[in-house]
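The values are calculated or read from the model by the stated rules, or taken from the named source; none is laboratory data. What you see is a predicted model, and the numbers here were worked out from it, not measured in a lab. Cβ sites come from the backbone with ideal geometry, for glycine too, and all protein chains shown count toward neighbours. Remember, those area values only see protein heavy atoms, side chains included, never the ligands or the DNA or RNA. Shrake-Rupley method; radii C 1.70, N 1.55, O 1.52, S 1.80 Å.
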Amino acid sequence: MAEGSQLIRGLEGVVAAETKLCDLDGAHGRLAYAGYSIDDLARKATFEEVCFLLWYGDLPKKAQLAELTAAMGAARAIPAEVTRAFALMPKDTDPNRPLQAAVAMLGMFDPDTTDNSHAANVRKAIRLTSQMATAICAHHRVRSGQSPVAPASDLSHAGNFLYMLTGTRPSPVVTKAFDASLTLYAEHELNASTFTTRTIVSTQSDMHSAVAGGVGALKGPLHGGAGEAVMRTLMEIGEVANVDAFATQALATRRRLMGFGHRVYTAGDPRAAILKGMAEEACRQSGQFKWYEMAVKLHDRIHAAKKLIPNVDFYSAPLFYSMGIPVDVFTPVIAAARIAGWSANIIEQHDDNRLIRPRADYVGSKARPWRPVEER
Ligand code: ACO
(Lines give C-alpha, C1' and ligand atoms only; values in the text may rest on other atoms or scores of the structure.)
Protein backbone atom coordinates (compact mmCIF):
# COMPACT_ATOMS: atom_id res chain seq x y z
CA MET A 1 0.00 0.00 0.00
CA ALA A 2 1.20 3.51 -0.81
CA GLU A 3 2.71 5.81 1.81
CA GLY A 4 0.31 7.74 4.06
CA SER A 5 -2.25 4.95 4.28
CA GLN A 6 -4.23 4.69 7.50
CA LEU A 7 -4.82 1.22 8.84
CA ILE A 8 -8.13 0.79 10.69
CA ARG A 9 -7.88 -2.52 12.51
CA GLY A 10 -11.04 -4.61 12.20
CA LEU A 11 -12.49 -1.84 9.99
CA GLU A 12 -13.92 -0.33 13.19
CA GLY A 13 -16.12 2.65 12.38
CA VAL A 14 -15.51 2.34 8.63
CA VAL A 15 -18.62 2.99 6.52
CA ALA A 16 -18.55 0.55 3.58
CA ALA A 17 -22.10 0.69 2.17
CA GLU A 18 -25.31 2.68 1.93
CA THR A 19 -28.35 0.71 3.05
CA LYS A 20 -32.10 1.14 3.42
CA LEU A 21 -32.38 -2.02 5.49
CA CYS A 22 -31.05 -1.46 8.97
CA ASP A 23 -30.61 1.66 11.11
CA LEU A 24 -28.30 0.81 13.99
CA ASP A 25 -27.71 3.54 16.58
CA GLY A 26 -25.14 1.98 18.86
CA ALA A 27 -24.71 5.00 21.14
CA HIS A 28 -28.40 5.03 22.08
CA GLY A 29 -29.03 1.28 21.82
CA ARG A 30 -31.58 1.66 19.04
CA LEU A 31 -32.24 -0.64 16.10
CA ALA A 32 -34.80 -0.38 13.31
CA TYR A 33 -35.40 -2.28 10.08
CA ALA A 34 -36.42 0.06 7.22
CA GLY A 35 -37.70 2.59 9.76
CA TYR A 36 -39.66 0.20 12.02
CA SER A 37 -38.33 -0.21 15.55
CA ILE A 38 -37.11 -3.67 16.48
CA ASP A 39 -39.29 -3.54 19.54
CA ASP A 40 -42.49 -3.14 17.48
CA LEU A 41 -41.39 -5.74 14.94
CA ALA A 42 -40.43 -8.37 17.53
CA ARG A 43 -43.62 -7.93 19.53
CA LYS A 44 -46.16 -7.32 16.76
CA ALA A 45 -44.90 -8.56 13.37
CA THR A 46 -44.40 -12.09 12.11
CA PHE A 47 -41.10 -13.25 10.61
CA GLU A 48 -42.86 -13.46 7.23
CA GLU A 49 -43.81 -9.75 7.53
CA VAL A 50 -40.21 -8.90 8.41
CA CYS A 51 -38.97 -10.85 5.36
CA PHE A 52 -41.37 -8.85 3.18
CA LEU A 53 -40.15 -5.61 4.77
CA LEU A 54 -36.50 -6.45 4.06
CA TRP A 55 -37.06 -7.73 0.51
CA TYR A 56 -39.67 -5.22 -0.70
CA GLY A 57 -38.95 -2.13 1.43
CA ASP A 58 -42.17 -1.80 3.44
CA LEU A 59 -44.54 -3.88 5.51
CA PRO A 60 -46.96 -5.94 3.40
CA LYS A 61 -50.65 -5.30 2.92
CA LYS A 62 -52.86 -8.28 3.73
CA ALA A 63 -52.92 -9.73 0.19
CA GLN A 64 -49.15 -9.23 -0.21
CA LEU A 65 -48.51 -11.06 3.06
CA ALA A 66 -50.78 -13.92 1.99
CA GLU A 67 -48.90 -14.15 -1.31
CA LEU A 68 -45.47 -14.22 0.32
CA THR A 69 -46.59 -16.69 2.98
CA ALA A 70 -47.89 -19.00 0.24
CA ALA A 71 -44.65 -18.63 -1.77
CA MET A 72 -42.49 -19.38 1.27
CA GLY A 73 -44.67 -22.36 2.16
CA ALA A 74 -44.47 -23.72 -1.39
CA ALA A 75 -40.67 -23.44 -1.34
CA ARG A 76 -40.06 -25.55 1.79
CA ALA A 77 -39.12 -28.85 0.11
CA ILE A 78 -35.42 -29.56 -0.48
CA PRO A 79 -34.03 -31.86 -3.18
CA ALA A 80 -33.76 -35.50 -2.07
CA GLU A 81 -30.07 -35.35 -3.05
CA VAL A 82 -29.42 -32.88 -0.21
CA THR A 83 -31.01 -35.19 2.37
CA ARG A 84 -29.08 -38.15 0.93
CA ALA A 85 -25.87 -36.15 1.23
CA PHE A 86 -26.61 -35.52 4.94
CA ALA A 87 -26.66 -39.28 5.48
CA LEU A 88 -23.11 -39.49 4.10
CA MET A 89 -21.70 -36.83 6.43
CA PRO A 90 -19.99 -37.67 9.75
CA LYS A 91 -22.71 -37.80 12.44
CA ASP A 92 -20.64 -35.79 14.93
CA THR A 93 -19.72 -32.91 12.62
CA ASP A 94 -20.63 -29.36 13.63
CA PRO A 95 -24.08 -28.76 11.98
CA ASN A 96 -22.87 -25.46 10.52
CA ARG A 97 -20.77 -27.44 8.02
CA PRO A 98 -23.66 -29.50 6.60
CA LEU A 99 -25.66 -26.26 6.43
CA GLN A 100 -22.88 -24.58 4.46
CA ALA A 101 -22.71 -27.62 2.16
CA ALA A 102 -26.50 -27.70 1.81
CA VAL A 103 -26.61 -24.04 0.75
CA ALA A 104 -23.94 -24.74 -1.88
CA MET A 105 -25.91 -27.79 -3.06
CA LEU A 106 -29.19 -25.86 -3.18
CA GLY A 107 -27.39 -23.50 -5.57
CA MET A 108 -26.78 -26.45 -7.90
CA PHE A 109 -30.53 -27.15 -8.09
CA ASP A 110 -31.91 -23.59 -8.11
CA PRO A 111 -33.42 -22.53 -11.45
CA ASP A 112 -32.09 -18.96 -11.00
CA THR A 113 -28.64 -19.86 -9.67
CA THR A 114 -26.51 -17.46 -11.71
CA ASP A 115 -29.21 -14.89 -12.49
CA ASN A 116 -28.31 -11.86 -10.36
CA SER A 117 -31.20 -9.66 -11.53
CA HIS A 118 -33.36 -8.05 -8.84
CA ALA A 119 -36.38 -10.26 -9.62
CA ALA A 120 -34.33 -13.49 -9.60
CA ASN A 121 -32.62 -12.47 -6.35
CA VAL A 122 -35.99 -11.96 -4.63
CA ARG A 123 -37.14 -15.38 -5.87
CA LYS A 124 -33.93 -16.94 -4.52
CA ALA A 125 -34.30 -15.12 -1.20
CA ILE A 126 -37.75 -16.68 -0.74
CA ARG A 127 -36.55 -20.16 -1.71
CA LEU A 128 -33.36 -20.08 0.35
CA THR A 129 -35.13 -18.80 3.46
CA SER A 130 -37.59 -21.69 3.32
CA GLN A 131 -35.10 -24.33 2.21
CA MET A 132 -32.42 -23.47 4.78
CA ALA A 133 -34.96 -24.05 7.56
CA THR A 134 -35.84 -27.44 6.08
CA ALA A 135 -32.19 -28.35 5.54
CA ILE A 136 -31.16 -27.52 9.14
CA CYS A 137 -33.98 -29.64 10.56
CA ALA A 138 -33.52 -32.50 8.08
CA HIS A 139 -29.81 -32.67 8.89
CA HIS A 140 -30.49 -32.78 12.61
CA ARG A 141 -33.01 -35.59 12.16
CA VAL A 142 -30.73 -37.59 9.88
CA ARG A 143 -27.70 -37.30 12.19
CA SER A 144 -29.95 -38.41 15.09
CA GLY A 145 -30.97 -41.54 13.17
CA GLN A 146 -34.50 -40.23 12.54
CA SER A 147 -36.39 -39.55 9.32
CA PRO A 148 -36.80 -35.90 8.31
CA VAL A 149 -40.20 -34.45 9.18
CA ALA A 150 -42.09 -33.22 6.11
CA PRO A 151 -42.99 -29.50 6.34
CA ALA A 152 -46.53 -28.73 7.61
CA SER A 153 -48.29 -26.36 5.22
CA ASP A 154 -50.64 -25.00 7.91
CA LEU A 155 -47.80 -23.80 10.18
CA SER A 156 -45.99 -20.45 10.05
CA HIS A 157 -42.29 -20.35 9.18
CA ALA A 158 -41.39 -20.32 12.91
CA GLY A 159 -43.90 -22.98 13.92
CA ASN A 160 -42.94 -25.21 11.02
CA PHE A 161 -39.23 -24.92 11.90
CA LEU A 162 -39.78 -26.21 15.43
CA TYR A 163 -42.12 -28.89 14.11
CA MET A 164 -39.57 -30.12 11.54
CA LEU A 165 -36.82 -30.08 14.19
CA THR A 166 -38.66 -31.91 16.97
CA GLY A 167 -41.53 -33.73 15.24
CA THR A 168 -43.95 -32.08 17.70
CA ARG A 169 -46.23 -29.15 16.96
CA PRO A 170 -45.09 -26.24 19.18
CA SER A 171 -47.52 -24.35 21.43
CA PRO A 172 -48.62 -20.86 20.34
CA VAL A 173 -46.53 -19.30 23.14
CA VAL A 174 -43.35 -21.10 22.09
CA THR A 175 -44.06 -20.38 18.42
CA LYS A 176 -44.44 -16.65 19.15
CA ALA A 177 -41.18 -16.54 21.14
CA PHE A 178 -39.32 -18.35 18.37
CA ASP A 179 -40.89 -16.17 15.69
CA ALA A 180 -39.80 -13.04 17.59
CA SER A 181 -36.28 -14.49 17.94
CA LEU A 182 -36.10 -14.97 14.17
CA THR A 183 -37.14 -11.32 13.75
CA LEU A 184 -34.51 -10.15 16.24
CA TYR A 185 -31.78 -12.03 14.36
CA ALA A 186 -33.06 -11.26 10.85
CA GLU A 187 -30.84 -8.28 10.02
CA HIS A 188 -27.98 -6.32 11.59
CA GLU A 189 -26.28 -4.01 9.13
CA LEU A 190 -22.63 -4.77 8.24
CA ASN A 191 -21.85 -7.47 10.79
CA ALA A 192 -19.05 -9.85 9.78
CA SER A 193 -21.23 -12.42 8.00
CA THR A 194 -23.33 -9.84 6.13
CA PHE A 195 -20.17 -8.03 5.04
CA THR A 196 -18.85 -11.40 3.86
CA THR A 197 -21.95 -11.99 1.72
CA ARG A 198 -21.68 -8.48 0.24
CA THR A 199 -17.98 -8.99 -0.51
CA ILE A 200 -18.69 -12.26 -2.28
CA VAL A 201 -21.47 -10.91 -4.51
CA SER A 202 -19.48 -7.74 -5.22
CA THR A 203 -17.44 -9.95 -7.57
CA GLN A 204 -20.73 -10.66 -9.41
CA SER A 205 -20.87 -14.06 -7.79
CA ASP A 206 -24.33 -15.28 -6.76
CA MET A 207 -26.57 -15.52 -3.70
CA HIS A 208 -26.00 -19.19 -2.86
CA SER A 209 -22.21 -18.77 -3.00
CA ALA A 210 -22.42 -15.71 -0.79
CA VAL A 211 -24.72 -17.32 1.77
CA ALA A 212 -22.47 -20.37 2.05
CA GLY A 213 -19.67 -17.92 2.90
CA GLY A 214 -21.96 -16.08 5.31
CA VAL A 215 -22.62 -19.30 7.25
CA GLY A 216 -18.86 -19.80 7.54
CA ALA A 217 -18.40 -16.29 8.98
CA LEU A 218 -21.39 -16.59 11.29
CA LYS A 219 -20.25 -19.72 13.06
CA GLY A 220 -17.19 -18.14 14.69
CA PRO A 221 -17.52 -17.64 18.46
CA LEU A 222 -16.93 -13.88 18.17
CA HIS A 223 -20.07 -13.72 15.99
CA GLY A 224 -23.10 -16.05 15.83
CA GLY A 225 -21.24 -18.91 17.47
CA ALA A 226 -21.36 -16.96 20.74
CA GLY A 227 -24.87 -18.21 21.66
CA GLU A 228 -23.72 -21.81 21.73
CA ALA A 229 -20.67 -20.75 23.75
CA VAL A 230 -22.93 -18.92 26.25
CA MET A 231 -24.93 -22.08 26.85
CA ARG A 232 -21.76 -24.10 27.31
CA THR A 233 -20.58 -21.51 29.85
CA LEU A 234 -23.88 -21.77 31.76
CA MET A 235 -23.54 -25.57 31.72
CA GLU A 236 -19.95 -25.26 32.96
CA ILE A 237 -21.21 -23.13 35.88
CA GLY A 238 -23.92 -25.72 36.50
CA GLU A 239 -25.84 -24.13 39.38
CA VAL A 240 -26.97 -20.66 40.43
CA ALA A 241 -24.91 -20.98 43.61
CA ASN A 242 -21.72 -21.32 41.52
CA VAL A 243 -22.12 -18.09 39.54
CA ASP A 244 -20.30 -15.82 42.00
CA ALA A 245 -17.20 -18.03 42.22
CA PHE A 246 -17.20 -18.47 38.43
CA ALA A 247 -17.48 -14.72 37.84
CA THR A 248 -14.70 -13.93 40.31
CA GLN A 249 -12.40 -16.42 38.64
CA ALA A 250 -13.35 -15.27 35.12
CA LEU A 251 -12.65 -11.64 36.02
CA ALA A 252 -9.36 -12.50 37.72
CA THR A 253 -8.12 -14.44 34.70
CA ARG A 254 -9.48 -11.84 32.22
CA ARG A 255 -11.45 -14.58 30.52
CA ARG A 256 -13.39 -13.52 27.41
CA LEU A 257 -16.99 -14.19 28.27
CA MET A 258 -19.17 -15.10 25.33
CA GLY A 259 -22.41 -13.16 24.93
CA PHE A 260 -20.88 -10.01 26.42
CA GLY A 261 -19.62 -6.92 24.59
CA HIS A 262 -20.35 -5.52 21.17
CA ARG A 263 -18.39 -3.56 18.59
CA VAL A 264 -21.18 -1.06 17.92
CA TYR A 265 -23.54 -0.99 20.93
CA THR A 266 -22.24 0.95 23.88
CA ALA A 267 -25.55 1.69 25.62
CA GLY A 268 -26.87 -1.86 25.50
CA ASP A 269 -28.12 -4.18 22.77
CA PRO A 270 -31.89 -3.63 22.40
CA ARG A 271 -32.32 -7.20 21.18
CA ALA A 272 -30.88 -8.58 24.43
CA ALA A 273 -33.46 -6.67 26.48
CA ILE A 274 -36.34 -8.23 24.51
CA LEU A 275 -34.79 -11.70 24.57
CA LYS A 276 -34.27 -11.43 28.33
CA GLY A 277 -38.02 -11.14 28.90
CA MET A 278 -38.75 -14.01 26.53
CA ALA A 279 -36.08 -16.20 28.15
CA GLU A 280 -37.56 -15.56 31.60
CA GLU A 281 -41.00 -16.67 30.44
CA ALA A 282 -39.79 -19.67 28.42
CA CYS A 283 -37.44 -20.94 31.16
CA ARG A 284 -40.20 -20.63 33.76
CA GLN A 285 -42.76 -22.43 31.56
CA SER A 286 -40.40 -25.26 30.66
CA GLY A 287 -39.39 -25.83 34.29
CA GLN A 288 -35.77 -24.83 33.60
CA PHE A 289 -35.72 -21.50 35.41
CA LYS A 290 -32.21 -22.03 36.74
CA TRP A 291 -30.65 -21.21 33.37
CA TYR A 292 -32.37 -17.84 33.35
CA GLU A 293 -31.42 -17.16 36.97
CA MET A 294 -27.81 -18.05 36.28
CA ALA A 295 -27.74 -15.80 33.21
CA VAL A 296 -29.17 -12.84 35.15
CA LYS A 297 -26.71 -13.30 37.98
CA LEU A 298 -23.76 -13.56 35.62
CA HIS A 299 -25.00 -10.51 33.68
CA ASP A 300 -25.20 -8.47 36.92
CA ARG A 301 -21.76 -9.51 38.14
CA ILE A 302 -19.96 -8.93 34.82
CA HIS A 303 -21.73 -5.66 34.11
CA ALA A 304 -20.99 -4.33 37.59
CA ALA A 305 -17.31 -5.26 37.33
CA LYS A 306 -16.51 -4.40 33.70
CA LYS A 307 -19.50 -2.42 32.36
CA LEU A 308 -19.74 -5.05 29.60
CA ILE A 309 -23.24 -5.30 28.11
CA PRO A 310 -24.91 -8.60 27.22
CA ASN A 311 -25.39 -8.88 23.46
CA VAL A 312 -28.11 -10.63 21.44
CA ASP A 313 -26.55 -14.05 21.98
CA PHE A 314 -26.61 -13.92 25.78
CA TYR A 315 -30.28 -14.42 26.58
CA SER A 316 -31.09 -16.27 23.36
CA ALA A 317 -29.02 -19.15 24.77
CA PRO A 318 -31.30 -20.03 27.74
CA LEU A 319 -34.30 -19.19 25.55
CA PHE A 320 -33.35 -21.61 22.76
CA TYR A 321 -32.28 -24.26 25.28
CA SER A 322 -35.60 -24.11 27.09
CA MET A 323 -37.35 -24.60 23.73
CA GLY A 324 -35.53 -27.89 23.27
CA ILE A 325 -33.20 -26.68 20.52
CA PRO A 326 -29.93 -28.67 20.69
CA VAL A 327 -27.01 -26.44 21.70
CA ASP A 328 -25.02 -27.07 18.52
CA VAL A 329 -28.06 -26.06 16.43
CA PHE A 330 -28.20 -22.54 17.97
CA THR A 331 -25.95 -21.05 15.28
CA PRO A 332 -27.81 -22.72 12.38
CA VAL A 333 -31.00 -21.25 13.89
CA ILE A 334 -29.40 -17.80 13.74
CA ALA A 335 -28.49 -18.50 10.10
CA ALA A 336 -32.11 -19.49 9.47
CA ALA A 337 -33.09 -16.00 10.65
CA ARG A 338 -30.19 -14.02 9.21
CA ILE A 339 -30.80 -15.37 5.70
CA ALA A 340 -33.55 -12.72 5.50
CA GLY A 341 -30.99 -9.96 6.04
CA TRP A 342 -28.17 -11.60 4.09
CA SER A 343 -30.38 -11.98 1.03
CA ALA A 344 -31.71 -8.40 1.37
CA ASN A 345 -28.12 -7.10 1.55
CA ILE A 346 -27.15 -9.22 -1.45
CA ILE A 347 -30.05 -7.71 -3.40
CA GLU A 348 -28.93 -4.18 -2.42
CA GLN A 349 -25.33 -4.95 -3.35
CA HIS A 350 -26.23 -6.43 -6.73
CA ASP A 351 -28.56 -3.52 -7.49
CA ASP A 352 -25.78 -0.96 -6.98
CA ASN A 353 -22.54 -2.87 -7.14
CA ARG A 354 -18.93 -1.88 -6.85
CA LEU A 355 -16.24 -4.50 -6.27
CA ILE A 356 -15.23 -4.57 -2.59
CA ARG A 357 -11.47 -4.60 -2.64
CA PRO A 358 -9.67 -2.84 0.25
CA ARG A 359 -5.92 -2.48 0.64
CA ALA A 360 -3.37 -3.78 3.15
CA ASP A 361 -0.30 -2.11 4.61
CA TYR A 362 2.73 -4.21 3.73
CA VAL A 363 4.80 -4.77 6.88
CA GLY A 364 7.00 -7.66 5.70
CA SER A 365 10.66 -7.74 4.72
CA LYS A 366 12.21 -5.15 2.46
CA ALA A 367 13.19 -6.31 -1.06
CA ARG A 368 15.53 -9.33 -0.82
CA PRO A 369 17.82 -10.88 -3.41
CA TRP A 370 16.73 -14.27 -4.81
CA ARG A 371 18.87 -17.26 -3.72
CA PRO A 372 18.63 -20.78 -5.16
CA VAL A 373 17.31 -23.37 -2.69
CA GLU A 374 20.79 -24.94 -2.06
CA GLU A 375 22.17 -21.56 -0.94
CA ARG A 376 19.43 -20.60 1.58
N1 ACO B 1 -15.39 -10.66 27.81
C2 ACO B 1 -14.38 -10.05 28.45
N3 ACO B 1 -13.83 -8.90 28.03
C4 ACO B 1 -14.32 -8.35 26.90
C5 ACO B 1 -15.38 -8.94 26.18
C6 ACO B 1 -15.92 -10.14 26.67
N7 ACO B 1 -16.92 -10.75 26.04
N8 ACO B 1 -15.68 -8.18 25.10
C9 ACO B 1 -14.84 -7.15 25.13
N10 ACO B 1 -14.01 -7.24 26.21
C11 ACO B 1 -12.97 -6.31 26.60
C12 ACO B 1 -11.66 -6.71 25.95
O13 ACO B 1 -10.89 -7.55 26.74
C14 ACO B 1 -11.02 -5.35 25.76
O15 ACO B 1 -10.50 -4.92 27.00
P16 ACO B 1 -9.06 -4.24 27.10
O17 ACO B 1 -9.16 -3.00 26.27
O18 ACO B 1 -8.89 -4.02 28.56
O19 ACO B 1 -8.13 -5.27 26.52
C20 ACO B 1 -12.18 -4.42 25.43
O21 ACO B 1 -13.31 -5.03 26.05
C22 ACO B 1 -12.42 -4.25 23.93
O23 ACO B 1 -12.53 -5.56 23.34
P24 ACO B 1 -12.31 -5.84 21.79
O25 ACO B 1 -12.22 -7.30 21.60
O26 ACO B 1 -11.20 -5.00 21.25
O27 ACO B 1 -13.64 -5.26 21.20
P28 ACO B 1 -14.25 -5.61 19.79
O29 ACO B 1 -15.08 -4.46 19.38
O30 ACO B 1 -13.22 -6.04 18.82
O31 ACO B 1 -15.10 -6.90 20.15
C32 ACO B 1 -16.70 -8.54 20.37
C33 ACO B 1 -16.43 -7.06 20.02
C34 ACO B 1 -15.88 -9.42 19.42
C35 ACO B 1 -18.17 -8.83 20.19
C36 ACO B 1 -16.25 -8.80 21.83
O37 ACO B 1 -17.02 -8.02 22.71
C38 ACO B 1 -16.32 -10.27 22.19
O39 ACO B 1 -15.39 -11.02 21.94
N40 ACO B 1 -17.47 -10.71 22.79
C41 ACO B 1 -17.66 -12.13 23.06
C42 ACO B 1 -18.16 -12.83 21.82
C43 ACO B 1 -19.59 -12.51 21.50
O44 ACO B 1 -20.44 -12.50 22.38
N45 ACO B 1 -19.88 -12.28 20.21
C46 ACO B 1 -21.23 -12.05 19.73
C47 ACO B 1 -21.37 -10.67 19.21
S48 ACO B 1 -23.03 -10.36 18.66
C49 ACO B 1 -23.16 -11.25 17.22
O50 ACO B 1 -22.27 -11.32 16.46
C51 ACO B 1 -24.39 -11.99 16.92
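Tabulated data for the structure shown
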{"quantity": "Heavy-atom accessible surface of the chain: percent carbon and sulfur, 1.4 Å", "calculated": "54 percent"}
{"quantity": "P(r) of region 1-119 over all Cα-Cα pairs, binned every 10 Å from zero, in whole percent", "calculated": "10, 24, 27, 28, 10, 2"}
{"quantity": "Charged-residue dipole, Cβ positions (Lys, Arg, Asp, Glu), region 1-140 about Cα centre, Debye nearest 20", "calculated": "460 debye"}
{"quantity": "Using a Förster distance of 30 Å, the FRET efficiency for residue 248-residue 15 (Cβ separation, nearest 0.05)", "calculated": "0.15"}
{"quantity": "Proximal charge balance of residue 60 [Cβ under 11 Å; K/R count +1, D/E count -1]", "calculated": "-2"}
{"quantity": "Estimated dipole of the chain in Debye, rounded to 20 [Cβ of Lys and Arg +1, of Asp and Glu -1, Cα centre]", "calculated": "780 debye"}
{"quantity": "Per residue value of the accessible surface for the chain (all protein chains in place, 1.4 Å probe), Å²", "calculated": "48 Å²"}
{"quantity": "Range of Cα positions in the chain per principal axis (Å), largest first", "calculated": "70, 56, 47"}
{"quantity": "Accessible-area ranking of 164, 235, largest first, probe 1.4 Å", "calculated": "235, 164"}
{"quantity": "Helix-only CD estimate at 222 nm, as mean residue ellipticity for the chain, using -39500 (n - 2.57) per DSSP H run (n ≥ 4)", "calculated": "-18000 deg cm²/dmol"}
{"quantity": "Gain upon complete extension [residue 144, residue 192; 0.36 nm per residue less C-alpha separation]", "calculated": "14.2 nm"}
{"quantity": "Residue-wise HN-Hα coupling along region 303-309, computed from phi with Karplus coefficients 6.51, -1.76, 1.60 (Hz; x: Gly, Pro)", "calculated": "5, 5, 7, 10, 6, 6, 8"}
{"quantity": "Whole-Å distance, taken between Cα centres, linking region 251-275 and region 118-171", "calculated": "30 Å"}
{"quantity": "Gain in span if fully extended, residue 307 to residue 370, counting 0.36 nm per residue against the direct Cα distance", "calculated": "17.4 nm"}
{"quantity": "Long-range HN-HN contacts of residue 220 with modeled amide H, under 5 Å", "calculated": "225"}
{"quantity": "Dipole magnitude of region 6-66 about its Cα centre (Cβ charges: Lys, Arg +1; Asp, Glu -1), debye to nearest 20", "calculated": "120 debye"}
{"quantity": "Lys/Arg +1, Asp/Glu -1 at C-beta; the chain dipole; positive extreme among 260, 240, 56", "calculated": "240"}
{"quantity": "Dipole axis of the chain (+1 Lys, Arg; -1 Asp, Glu on Cβ), positive-most option in 304, 173, 158", "calculated": "304"}
